[in-house]
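Inspection log for the structure reproduced underneath, given as structure tokens.
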């Protein structure tokens, strides 16, 4: 099975996602789960391609495999780019890190990795309900902050 190269067309108001996963079976499972949440999806096969896409569009959801494109978790250029994004852009994104050693939805682990959510590879088949709950929780938690930012400009 070959990794998908998906490039949906976005329109204003669409929920958008970028999936950065090399393993075709895991990538397909993730795409199926987030597509069912009405996200329009782009995939990335190479670091340079993904970094270019991230500069061109501020995705609502980014799903990253811990070893995307052969990188190590500790030295991933993709995760480094996400961590160094300006807060005005980053706060509008929800980043999910997928890997073998994570405990799905462990908030402290996610905080330590500077992402919004972590997901164990074994739980990818159940990503939809877990992600939906995490997105709702994130909106409830940051909602007042985002409203205040809108009010003050």
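A few points about this structure:
- The P(r) of the chain has a tail past 27 Å containing 16 percent of all C-alpha pairs.
- Helix 47-56 axis, angle to the chain major axis (alpha carbon atoms, nearest 10°): 30
- Listing 55, 28 from fewest to most neighbouring C-beta atoms within 10 Å gives 55, 28.
- Pairwise centroid distance, computed over Cα atoms, of region 131-153 with region 61-124, Å: 19
- Annotation: the residues 43, 16, sorted from fewest to most other C-beta atoms within 10 Å of their own C-beta, follow the order 16, 43.
- Using a Gaussian network model of the chain in which every pair of alpha carbons under 10 angstrom is joined by a spring, one finds that among 130, 95, 64 the greatest mean-square fluctuation is at 130.
- Rg in Å to one decimal, and Dmax rounded to a whole Å, for region 59-124 via C-alpha atoms: 11.2, 33
- A helix-only calculation puts the chain at -13000 deg cm²/dmol for mean residue ellipticity at 222 nm, using -39500 (n - 2.57) for each DSSP H run of at least four residues, averaged over all residues.
Bear in mind that the values in this text are calculations on the coordinates, not laboratory data. Remember, it's a predicted structure, so these values are computed and weren't measured experimentally. Note that we place each Cβ from the backbone using ideal geometry, even for glycine, and neighbour counts take in every protein chain shown.
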